[in-house]
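Note sheet for the following structure.
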Amino acid sequence: MAIWSSLRTGINRLLTDGAIKAPYQLRLMSGGHHKVMEIRSTRFQWQKMKDLVHFYVMLGLIPVGLLIFYSNVFIGPGTLREIPEDYTPKHWEYYKHPITRFLARYVYSSHQEAYEKNLHRLYEEDEKMKMRKLQEKILDLMDKNKDYQSYYYIPVDGKYHRIVRKEAEEIAEIGGFVPPKLGPPV
């Protein structure tokens with residue numbers, strides 16, 4: 001894009017110097033003399049880029065710079081002091097800079113919380129692995145015993161069984177009918 005605009009600029013210079021007469025010049029009819037309007041490449045992209053740079057500097061850099069200046073001048077870095085015996089420091093109080101303390105308190109999770117999240121993820125993966133092994137064992141036993149799930153086999157999920165039982169009890173209460181006990185809930 002820049003190459004074409006620079007070529008156009010070079011052609012316009014040749015036209016204005018009078019070296020080449022071409023239809024790139026437009027004569028305007030106004031009064032008794034001739035005026036020539038030059039065709040120039042646009043500066044729209046340059047102006048737009050300058051506007052965006054100024055906008056983002058005003059929007060981002062200046063407020064962030066003022067925040068950093070305020071935190072360094074008026075709050076200052078943390079200092080070491082004696083800890084009272086009955087006080088346990090919070091996890092964000094170990095950081096020196098006030099912005100880092102703010103981020104550790106409100107944005108990031110503590111080391112203990114991250115550790116426990118990782119342990120939970122490992123536990124879930126272990127449970128999935130155990131379920132897969134059990135499913136493989138069941139499929140192997142079915143293959144070994146020539147057993148299969150027949151057309152009359154309906155897998156039952158306890159969640160839906162509880163929902164249907166609850167709805168049946170509600171309908172029975174409305175109609176005044178006492179349903180028989182079906183056993184303990186699944």
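Among the residues of region 33-59, just one is of a type in the set (A, V, I, L, M) and assigned to a loop (DSSP other than H, G, I, E, B), namely 39. In this structure, does residue 142 turn out to be modelled with pLDDT of 90 or more, open to solvent by less than 100 Å² (accessible area, probe 1.4 Å) and not aromatic (Phe, Trp, Tyr)? No: the conditions fail for residue 142. In region 73-92, the residues that are free of Cβ contacts under 8 Å to residues at least 12 places away in the same chain never reach a residue that is polar (S, T, N, Q) and open to solvent by 90 Å² or more (accessible area, probe 1.4 Å) with C-beta atoms less than 9 angstrom apart, at least six apart or across chains. A Cβ distance below 9 Å, combined with a sequence gap of six or more or placement on separate chains, defines the contacts here; from region 34-51, residues that are aromatic (Phe, Trp, Tyr) reach no residue that is in a loop (DSSP other than H, G, I, E, B).
Okay, residues lined up against (1) under 25 Å from the mean Cα position of the chain (by Cα); (2) open to solvent by 100 Å² or more (accessible area, probe 1.4 Å):
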site	(1), (2)
59	yes, yes
71	no, no
97	no, no
101	yes, no
107	yes, no
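A quick yes/no check of all residues on (1) at pLDDT below 95; (2) of a type in the set (S, T, N, Q); (3) more than 30 Å from residue 101 (Cα to Cα):
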position	(1), (2), (3)
23	yes, no, yes
31	yes, no, yes
39	yes, no, yes
50	no, no, yes
61	yes, no, no
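The values are calculated or read from the model by the stated rules, or taken from the named source; none is laboratory data. In this text, all values refer to a predicted model and were calculated from it rather than measured experimentally. Don't worry about glycine lacking a Cβ; one is built from the backbone with ideal geometry, like all the others, and counts go over all protein chains shown. Areas reflect the complete protein model, heavy atoms only, side chains present, ligands, DNA and RNA absent. Shrake-Rupley method; radii C 1.70, N 1.55, O 1.52, S 1.80 Å.
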